[in-house]
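Participant: The structure's right below; bear with me while I get my questions together.
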Amino acid sequence: MTRIGKHIAALTTYLLMALLLTVPLWRDLDRAVPEANEGDHAFFEYVLARAAALVTGDAGDPFVTDRLNVPLGVNLMANTSVLGLGVPLAPVTLLAGPAATIALLVLLGLALTAYGWFWVFLRRLAVSPAAAWVGGAFCGFAPGIYTHAQGHPNWTAQFLLPFIVHLLFGASPSPRRSLLLGLLMAWQVFINEESLFFTGLGCAVFGLLFLALRRQEVDRRRFLTNLGIALAVAAPLVAYPLWVQFTGPGSYRGVPEFTTGYGNDVAAFVSFATHSLAGPVSPFGHLSPNATEQNASFGIPLVVAFVVLAVLLRDRAAALAAACTAVLFAVLSIGRDVIVNGYGDVTRPGPWEPFAHLPLFDSVVPTRLSLIAIPCVGLLLALAVDRSRASTALVAFALLPIVPMPLATKQISAVPAYIAERGYREHLADGGSMLVAPRVWTDTTGMRWAARTGLDFPLALGYFLGPDPTADGRAMFGPARRPTHALIVSVSATGFVPPLTPADRVAFIADVAYWETSVLVLPNDQPHRAAVESLLTDLTGRAPVRTGGVSVWDF
């Protein structure tokens, strides 16, 4: 097979693997969503629709919107707006809709990430194509990456990172390479800043370890010059967007307090992800913070193989540095609390505690630090397959149980005719926002509807990260708390309609005015719909108009 043929074969097989895993999404783009994470899927539909609107000139400021969370708006630069993905794929969104774009992003993200690492391993490790293929496949489809296919396309799209690493540690840095490195770093900022930050952390540790092991092989001056030029190229491209993110309207500090406790249970490292071949028989059950964050589920066989391979390959400086880097970030990913198999008293401080309040580090969700270990492990796997048949057999033994299974999905309700046929336009003719009766505090129903209509209407409420007015600007999910919002969510959850007080009615009038609401919409599939309709009828003082799959109160 020719050199180009080997690359085509690798990319084709990765694409086929990704297609098989995402078939459940492709079967019904309008209604199929990840079973474990409907909310984030809707959020990304919204930001992808907005990226398409930017391309057509219909969205205004690319980094801040006033058409979500009316009247305050949302700082989208601080909310993973994935402009680096949404803008290039705007034609897909405009032609086929944002749900199709998400499915395509997940497919391409998995496959291209795998191919990127295949390319790097083949070029830099001098291993066989088969060995590079195994290492790349692990980096693109590892449980910690594939878990994010359930609603986090920004985390599956890591295809730039291998090339950033390659250019950073290139054997012959040049101004052209430095320029390209800076451009890729800037592009990655608009895909996923956190993964770029993690790449920087991983490269810093790996680089220092490699320097200690092979000091004579490292030209520190050329390395620093290469990095300096790259940063000089990237800085002017991202300076204003980052300024908006950290100081602009809707900016916030850190991450929500509860997510800082999202660390990896120590037993999670030897558990199997629920979406892997061995997931149903995992002896440890579900140990991750949630189903989308199974970042450390490597499984017992792979952990054992990692230890064995680290010893066998210790004569290779790159392997030893990678193994130590993987262990360090795996330990740090345990987080601020040490928990073992979900049992026993929480031990604090955990290994992440000293870093938890540092600038930038305070925005890290600790469990994700274990993702830094994935390319390190992939490097060991590639070297092992290239070494001998015995080590190849060990790799096969380790990887078989964590082979990913097709994405688990569920069906959501179709967009009601009132929305699909733009029936709301007569109610919004004089401006104002649409208030969709919320099911939960961070309800995404209205955001999905807006995305499917090309952001045709402004929305009150929503699902996003914004500043908590009661916590000195610390990040919180969703809009600021208001009485009517809480009341509707409570009735949607319980079906119990409490006796309304004069204060409830005054709060309703004030909240509707605050949200600049022109139309209130109750979907037919609302949980405890009859109870919620009764509540809203009482609050508004009139019965709704039932039309196109919803109940409507026009203000």
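Participant: Within a 10 angstrom radius of the beta carbon, how do Ser518, Ser490 rank from fewest other beta carbons to most?
Facilitator: Ser490, Ser518
Participant: Which whole-percent values make up P(r) of segment 252-357 when all C-alpha to C-alpha distances are grouped in 5 Å steps starting at zero?
Facilitator: Final binned percentages: 2, 12, 19, 20, 18, 15, 10, 4, 1, 0.
Participant: Please state the charge dipole magnitude for segment 417-554, taken about the Cα centre, from unit charges on C-beta atoms (+1 on K and R, -1 on D and E), reported in debye and rounded to the nearest 20.
Facilitator: For this selection, approximately 220 debye.
Participant: Which one of Gln245, Ala130, Leu160 is farthest out on the positive end of the charge dipole of segment 3-402, using unit charges on Cβ (Lys, Arg +1; Asp, Glu -1) and the Cα centre as origin?
Facilitator: Of the listed residues, the answer is Ala130.
Participant: About its Cα centre, how strong a charge dipole does the chain have in debye, to the nearest 20, once Lys and Arg get +1 and Asp and Glu get -1 at the Cβ?
Facilitator: Charge dipole of the chain: 2040 debye, to the nearest 20.
Participant: Give the whole-number value, in cubic angstrom per residue, of the convex hull volume spanned by the C-alpha atoms of segment 468-538.
Facilitator: Hull volume over Cα atoms, normalised by residue count, gives 114 Å³.
Participant: Among rounded, prolate and oblate, which fits the chain when a ≥ b ≥ c are the square roots of the eigenvalues of its C-alpha gyration tensor, a/c under 1.5 means rounded, and a/b larger than b/c means prolate?
Facilitator: Here the chain falls in the prolate category.
Participant: Continuing with the same structure: What value does segment 146-240 have for Rg/Rh, both radii from Cα atoms and Rh as Kirkwood defines it?
Facilitator: Using Cα coordinates only, the ratio equals 1.01.
Participant: If all Cα-Cα distances of segment 1-77 are sorted into 10 Å bins from 0 onward, what percent lands in each bin, rounded to whole numbers?
Facilitator: The distribution over segment 1-77 is 15, 29, 25, 22, 8, 1, 0, given as percents.
Participant: Based on the Kirkwood radius over alpha-carbon pairs, what is the Stokes-Einstein translational diffusion coefficient of segment 159-209 at 4 °C with 1.567 mPa s viscosity, in µm²/s?
Facilitator: Calculated translational D: 116 µm²/s.
Participant: Just round it to a whole percent: the fraction of Cα-Cα distances in segment 393-467 exceeding 20 Å.
Facilitator: When every Cα pair of segment 393-467 is considered, 50 percent fall beyond 20 Å.
Participant: If each of Ile4 and Leu231 carries a label point 7 Å out from its Cα toward its Cβ, how far apart are those two points in nm?
Facilitator: Each label point is offset 7 Å from its Cα along the Cβ direction, giving 4.0 nm.
Participant: Is there a quick way to get the dipole size of segment 1-115? I mean about its Cα centre, with the Cβ of Lys and Arg at +1 and of Asp and Glu at -1; what is the value in debye to the nearest 20?
Facilitator: It works out to roughly 540 debye.
Participant: Please give me, ordered by residue number, the trypsin sites (Lys or Arg not before Pro) of segment 446-516 that lie in loop per DSSP and have at most 14 other Cβ atoms within 10 Å.
Facilitator: Filter output for segment 446-516: Arg481.
Participant: Additional query: So what is the relative contact order of segment 417-554, in percent, for Cα pairs below 8 Å that sit 6 or more residues apart?
Facilitator: 29 percent
Participant: Still on this structure, I have one more. Based only on Cα atoms, what Rg/Rh ratio does segment 59-187 have, Rh being taken as Kirkwood's radius?
Facilitator: 1.05
Participant: Quick check on segment 434-555: take the gyration tensor over C-alpha atoms, sort the square-rooted eigenvalues as a ≥ b ≥ c, and tell me if it's rounded (a/c under 1.5), prolate or oblate.
Facilitator: Oblate is the answer for segment 434-555, as a/c is 1.5 or above yet b/c matches or exceeds a/b.
Participant: Count charges around Pro354 for me, please; just the other residues with Cβ under 15 Å from its Cβ, Lys/Arg as +1, Asp/Glu as -1.
Facilitator: Residues near Pro354 contribute -1 overall.
Participant: What share of the DSSP beta bridges in the chain is antiparallel, in percent to the nearest 5?
Facilitator: Just about 75 percent of them are antiparallel.
Participant: Shifting gears a bit: Could you give the angle, 0 to 90 degrees to the nearest 10, between helix 300-312's Cα long axis and the longest principal axis of the Cα atoms of the chain?
Facilitator: Roughly 30 degrees, rounded to the nearest 10.
Participant: Return the inverse of the average 1/r over all pairs of distinct C-alpha atoms in segment 80-154, which is the Kirkwood hydrodynamic radius, in Å to one decimal.
Facilitator: Its Kirkwood hydrodynamic radius stands at 13.4 Å.
Participant: Tell me, what is the percent relative contact order of the chain, built from C-alpha pairs under 8 Å that lie six or more residues apart?
Facilitator: Dividing the mean separation by the residue count of the chain yields 19 percent.
Participant: Could you pull out every residue, at least 5 positions away or on a different chain, whose amide H is within less than 5 Å of the one on Thr409? Hs are placed 1.01 Å off N in the peptide plane, and Pro or chain starts have none.
Facilitator: Excluding prolines and chain starts, which carry no amide H, the hits are Glu35.
Participant: Shifting gears a bit: Residues with amide H under 5 Å of Phe272's amide H, sequence separation 5 or more or different chain, H placed in the peptide plane at 1.01 Å from N; which?
Facilitator: Placed amide hydrogens put Phe284 under 5 Å from Phe272.
Participant: Also, quick follow-up: Please find the FRET efficiency linking Val281 to Trp441, where r is the Cβ-Cβ separation and R0 is fixed at 41 Å, and quote it to the nearest 0.05.
Facilitator: Result of the calculation: an efficiency of 0.70.
Participant: While we're here: Given the DSSP H assignment, sum -39500 (n - 2.57) over each helix run of at least 4 residues in the chain and divide by its residue total; what's the result at 222 nm in deg cm²/dmol, nearest 500?
Facilitator: Value at 222 nm, helices only, nearest 500: -16000 deg cm²/dmol.
Participant: Give me the distance in nm between label points sitting 7 Å out from Cα along the Cα-to-Cβ direction at Asp315 and Val87, one decimal.
Facilitator: 5.0 nm
Participant: Find how much the distance from Val331 to Arg123 grows on full extension, using 0.36 nm per residue of separation minus their present alpha carbon separation; answer in nm with one decimal.
Facilitator: Answer, rounded to one decimal: 71.9 nm.
Participant: 5 Å is the cut-off here: which amide hydrogens, built 1.01 Å from N in the peptide plane, fall below it relative to Thr517, excluding neighbours closer than 5 in sequence?
Facilitator: Residues meeting the amide H criterion: Ser433.
Participant: Each label point is 7 Å from the Cα along the Cα-to-Cβ direction; what then is the distance between the points at Phe258 and Trp243, in nm?
Facilitator: So the two model labels end up 3.6 nm from each other.
None of the figures in this text is laboratory data; all of them are computed from the coordinates on show. Since the structure is predicted, the reported quantities are computational estimates derived from the model, not experimental observations. Cβ: placed from backbone, ideal geometry, glycine included. Neighbour counts: every protein chain shown.
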